[in-house]
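Quick notes on the structure that follows.
Every number in this text was worked out from the coordinates using simple rules, so none of it is lab data. Please read these numbers as outputs of a predicted model, since none were measured by experiment. We place every Cβ from the backbone using ideal geometry, glycine too, and count neighbours over all the protein chains shown.
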Amino acid sequence: MFTLIGKYMSNLFGQVGGAAQMVRSSLFWLTHSRFEFGQAVEQSVTIGVESLGVTALTSLFTGMVLALQAGNTIGNIFGEPIFVGTIVTFSLIRELGPVLTAVVVSGRAGAAVTAQIGTMAVTEQIDALYTLGTNPIRYLVIPRMFGFLFTMPVLTLFSNLFGVLGGYLVAVYALGVAGEVYITDITSFMGVRDFMHGFIKSFVFAFMVATVCCYKGVSTRGGAEGVGKATTGAVVTTIVL
């Protein structure tokens, strides 16, 4: 048992160290080479387009469920569904919005990034880049990291909007809350600090998803089976983190 624990811990620290080394190399090449702006924009568009529909749908139904549960619970206690807009908006903007977006992006775009880079690794295309004098970190990792860092805060904003919209629909048409009251509950209690709280979280989650998915792709070994394992490992790791 201790041998298995030792192997697991050794593998864990090895992967953490490898990911940290990749981040260090990314920062180095970002400041010492020409930035591939075109590729970064292309990756941003790809990640956003792939994830927007799923993110919007997930957040819409999450907001609807939050409003329904909050309204019914508060209605049973106080006799009417009050502060539904406040509860839905606080929950989404501060906590659930960034988390749901990160989970969706890691499962949709993150898996695709890991599979793309992993396939290049097992088919020796990354070795070919080294042979041609092109650093794969600069060419493959940095544009994708920029894509995640730029796209996830934008997707989080859309996630929050669709979640609040879902809560509005349930509050007005199922719980009988006036639309003006729902909006007033939001504007009366929400502040800039609440928005910044979720915004900063989205950047942190974007960095984590980008780092894990890119590192899993670069370190892929073992042919097609290795690509599958790397993709699964990347999604599971990002969801846990």
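Here are the numbers for the structure shown:
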read-out	value
F61 touching a residue at least 12 places away in the same chain (Cβ under 8 Å) and surrounded by fewer than 19 Cβ atoms within 10 Å (Cβ to Cβ)	yes
Options L169, L175; residue that is assigned to a loop (DSSP other than H, G, I, E, B) and either buried (at least 22 other Cβ atoms within 10 Å of the Cβ) or hydrophobic (A, V, I, L, M, F, W, C) (or both)	L175
Single match in A171, A178, A128, A112 (criterion: free of Cβ contacts under 8 Å to residues at least 60 places away in the same chain, of a type outside the set (D, E, K, R) and in contact with a helix residue (DSSP H, G or I) (Cβ under 8 Å, 6 or more places away or on another chain))	A178
Verdict on T134 being free of Cβ contacts under 8 Å to residues at least 12 places away in the same chain and either assigned to a helix (DSSP H, G or I) or farther than 23 Å from G233 by Cβ (or both)	yes
Any helices (runs of 4 or more DSSP H) falling wholly within the stretch 60-124 and containing at least 1 residues that are more than 22 Å from the chain's Cα centre (by Cα) and aliphatic (A, V, I, L, M)	84-90, 111-122
Residue selected from the stretch 195-232 under the condition surrounded by 15 or more Cβ atoms within 10 Å (Cβ to Cβ) and β-branched (V, I, T), by the criterion nearest to the chain's Cα centre (by Cα)	V209
